[in-house]
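Enquirer: Please find one structure pasted underneath; my questions will follow.
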Amino acid sequence: MTEQDDLRAQIKEHPLLHDLSDAHIAELATCAVAERFQPGEFLIRDRTPADKFFLIRHGTLSIELETPPKGRLVLQTVHEGDGLGWSWLVPPHRWAFDARAMTLVRTVTFDANALLARFEANHELGYQLLRRLLGMMAHRLTAARLQMLDLYGPPPAAKV
Amino acid sequence: MMTPHGTMAAPAQLDPMTPRPFRIRQRRKELADTFTLALAPDDGGGFAFQPGQFNMLYAFGVGEIPVSISSAPDEPGEILHTIRAVGKVSAALGALKPGDMVGVRGPFGTSWPVEAAYGSDLVILAGGIGLAPLRPAIRQVIAQREKFGNVVILYGARTPEDILFRKELQSWRGHFDLNVEVTVDRVTGAWGGRVGVVTGLIRQGGFDRLHSIALLCGPEVMMRYGVRALHDCGVASERIYVSMERNMKCAVGFCGHCQFGASFVCKDGPVFPFDRIEKLFAIPEL
Ligand SMILES: Cc1cc2nc3c(=O)[nH]c(=O)nc-3n(C[C@H](O)[C@H](O)[C@H](O)COP(=O)(O)OP(=O)(O)OC[C@H]3O[C@@H](n4cnc5c(N)ncnc54)[C@H](O)[C@@H]3O)c2cc1C
Ligand code: FES
């Protein structure tokens with residue numbers, strides 16, 4: 001199996017992109033590498049250029065923010081089967097958070113600039129990928145809203 | 001008596017309006033604002049109930065509140081109630097000590113459909129103090145694990161410090177045939193686990209959408225989004241059960257205090273098949 005075959009297989013197995021056509025998966029694989037991160041290692045650093053997109057194949061990582069003077073705040077954890085990172089899609093193309101491996105993490109990592117160039121040349125591929133990324137972002141937004149509600153906080157006024 | 005949905009009506013008691021004296025055998029602190037009272041009937045008699053049912057607990061001279069039973073029917077020893085001190089009566093109950101008395105009316109209401117779920121996968125979704133009413137059902141399921149398919153237990157709390165029954169959750173997690181996931185909304189200290197809303201865990205699956213029964217208990221907003229996530233996975237309303245809370249007075253369907261549409265939560269609930277209350281479960285957009 002060549003490295004490209006391997007990457008194609010890994011993309012096809014991932015819940016976020018598994019239903020893309022073989023041709024689209026093959027095209028995406030040319031922009032990808034397989035990576036490993038050790039616990040504690042950063043995948044993303046706040047305010048640095050956003051130039052990657054990750055498919056999480058294994059492990060758990062935390063989305064964190066430095067909030068002085070309180071220190072680091074974990075906003076969310078991301079897991080096997082999730083995607084990570086969309087800041088490369090919108091200006092100013094910089095990350096707005098840190099992402100750090102909590103366990104051994106294995107990813108398929110895409111070069112975002114290469115992806116954007118592919119999308120320019122192949123709008124159908126861009127549309128198919130953006131649709132799936134938008135779904136991921138919508139889930140994250142709903143989850144973040146629910147987290148903000150403080151569901152388990154002090155009870156609301158009694159219903160009679 | 002089994003209803004078509006498999007929930008169980010409360011066994012009749014002689015005078016449901018007269019509290020029976022129970023003695024506090026033990027008071028255990030669970031969380032900063034939450035405690036468990038272990039009670040035993042002072043008249044030496046027995047006490048039969050089903051998982052999911054509740055009692056009216058009377059703090060003498062203060063008042064009476066509905067509280068779910070958090071022990072399983074076959075659990076040896078006392079009858080447990082896990083209570084979050086939010087106001088007058090719950091705080092008064094929290095101030096009692098072993099040896100003190102409380103009045104108990106009950107058990108009341110419908111129960112979790114544990115037997116009706118035989119042969120199905122189970123998805124148990126609990127949030128905050130909502131794990132307490134589900135604990136007896138979970139214990140019953142574990143005691144007869146072979147009668148169910150996959151069992152997925154999803155629990156959400158505000159912070160790691162707010163995780164109820166932490167040791168027990170850890171021991172459930174140790175069972176190779178249970179899929180237990182715990183998540184918190186906020187991290188305040190050291191925590192190596194999940195951060196994020198509990199309803200998001202449903203998307204991970206691990207259950208057969210056509211052959212699953214789901215049991216939900218927690219804040220109403222959590223249950224609303226939990227039901228939506230289950231629907232999105234293809235689990236039908238009639239396979240989803242939610243435990244509702246409304247303020248109560250009589251607990252036997254007389255006073256109308258707990259009315260929820262055409263139903264009384266004390267008598268027709270607290271455990272409802274979701275299809276029965278779906279239209280009432282107003283879903284205003286956030
Ligand atoms: C069937 C049923 C089972 C329950 N099981 C449990 C249980 O196992 N453990 C437990 O801790 N609680 C449980 N509750 C909730 C409990 O009954 C209330 O917290 C209690 O009635 C509050 O009374 P209080 O006098 O302490 O507070 P109050 O002085 O009456 O109220 C204090 C604050 O709590 C709010 N409040 C009152 N009742 C509720 C309620 N039902 N839900 C949300 N907020 C409320 C009030 O609006 C007020 O803001 C259950 C309720 C029902 C209906
Ligand atoms: S509490 Fe009286 S009818 Fe339910």
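Enquirer: Show me A:142-152, B:210-220, B:126-136 ranked by packing, highest mean number of other Cβ atoms within 10 Å first.
Expert: B:126-136, B:210-220, A:142-152
Enquirer: Might you tell me the accessible area per residue for the range B:115-243, computed with a 1.4 Å probe and given in Å²?
Expert: 37
Enquirer: For B:L96 and B:T18 in the same chain, what is the full-extension length gain: residue separation times 0.36 nm, less their Cα-Cα distance, in nm?
Expert: Between B:L96 and B:T18, full extension yields an extra 26.0 nm.
Enquirer: Can you list, bin by bin at 10 Å, the percent of alpha carbon pairs in the range B:144-221, starting at 0?
Expert: Values per bin, smallest distances first: 16, 49, 30, 5.
Enquirer: Counting only protein heavy atoms, what percent of the accessible surface of chain B is carbon or sulfur at a 1.4 Å probe?
Expert: About 53 percent, which is the carbon plus sulfur part of the accessible surface.
Enquirer: How large, in Å, is chain B by the Kirkwood hydrodynamic radius built from its alpha-carbon pairs?
Expert: Here the Kirkwood hydrodynamic radius works out to 19.2 Å.
Enquirer: Find how many whole Å separate the alpha carbon centroid of the range B:52-101 from the alpha carbon centroid of the range A:83-160.
Expert: Centre-to-centre distance over Cα atoms comes out at 44 Å.
Enquirer: Below 8 Å between Cα atoms, with a sequence gap of 6+, how large is the relative contact order for the range B:20-108 in percent?
Expert: With pairs under 8 Å counted, the relative contact order is 39 percent.
Enquirer: Enter the buried accessible area of the B/A pair, total of both sides, probe 1.4 Å, in Å² rounded to the nearest 100. Working shown, then result.
Expert: Details: alone 13010 and 9630 Å², together 20390 Å².
Chains B and A together bury roughly 2300 Å² of accessible area.
Enquirer: Per residue of the range B:255-260, what does 6.51 cos²θ - 1.76 cosθ + 1.60 with θ = phi - 60° give for ³J(HN,Hα)? Whole Hz please, x for Gly and Pro, Karplus curve as stated.
Expert: For the range B:255-260, the Karplus-derived couplings read 8, x, 4, 9, 4, 9 Hz, x marking Gly and Pro.
Enquirer: Could you sort out which of B:K147/B:K267; B:K29/B:K279; B:K147/B:K167 sit more than 27 Å apart by Cα distance in this structure?
Expert: From B:K147/B:K267; B:K29/B:K279; B:K147/B:K167, over 27 Å: B:K147/B:K267; B:K29/B:K279.
Enquirer: Using a 1.4 Å probe on the heavy atoms of the protein chains only, list every residue of the range A:130-147 that has 50 Å² or more less accessible area in the complete assembly than in its chain alone.
Expert: By number: A:H139, A:L146, A:Q147.
Enquirer: Let me have the 222 nm mean residue ellipticity of chain A computed from DSSP H runs of 4+ only, each contributing -39500 (n - 2.57), with the sum over all residues rounded to the nearest 500.
Expert: My calculation for chain A gives -11000 deg cm²/dmol from helical runs alone.
Enquirer: More than 37 angstrom separation, counting every C-alpha pair in the protein assembly as shown; what % is that? Mind dumping the intermediate values first?
Expert: Numbers: 32520 of 99235 pairs.
The proportion of pairs with Cα distances above 37 Å equals 33 percent.
Enquirer: What percent do you get for the relative contact order of chain A when only Cα pairs under 8 Å and 6+ apart count? Display every interim value, and only then the final one.
Expert: Working: 262 pairs, mean separation 43.1, N = 160.
In percent, rounded to a whole number, it is 27.
Enquirer: Mind listing, in residue-number order, the residues in the range A:60-95 that have at least 40 Å² less accessible area with every protein chain present than in their own chain alone (1.4 Å probe)?
Expert: A:V74, A:T77, A:H79
Enquirer: So what is the relative contact order of chain B, in percent, for Cα pairs below 8 Å that sit 6 or more residues apart?
Expert: Reported as a whole number, the value is 18 percent.
Enquirer: Quick one: with all protein chains in place, what share of the accessible area of chain A is carbon or sulfur, to the nearest percent (1.4 Å probe)?
Expert: Accessible surface attributable to carbon and sulfur in chain A totals 57 percent.
Enquirer: At 1.4 Å probe size, with every protein chain present, just tell me what the per residue accessible area of chain A comes to in Å².
Expert: 53
Enquirer: Continuing with the same structure: Buried by at least 30 Å² relative to the chain on its own: which residues of the range B:181-215 qualify, computing accessible area with a 1.4 Å probe on protein heavy atoms?
Expert: Checking the loss per residue gives B:D185, B:R186, B:V187, B:R194, B:V195, B:V197, B:R203.
Enquirer: Please list A:M137, A:M1 in order of solvent-accessible area, largest first, computed with a 1.4 Å probe with all protein chains present.
Expert: So, going from the largest accessible area down, we get A:M1, A:M137.
The values are calculated or read from the model by the stated rules, or taken from the named source; none is laboratory data. A quick note: this is a predicted structure, and the numbers were derived from the prediction, not measured. Cβ coordinates were reconstructed from backbone atoms using ideal geometry, including for glycine residues, and neighbour counts include every protein chain displayed. Please note that ligands, DNA and RNA were not included when accessible areas were found on the heavy atoms of the full protein model with its side chains. Shrake-Rupley method; radii C 1.70, N 1.55, O 1.52, S 1.80 Å.
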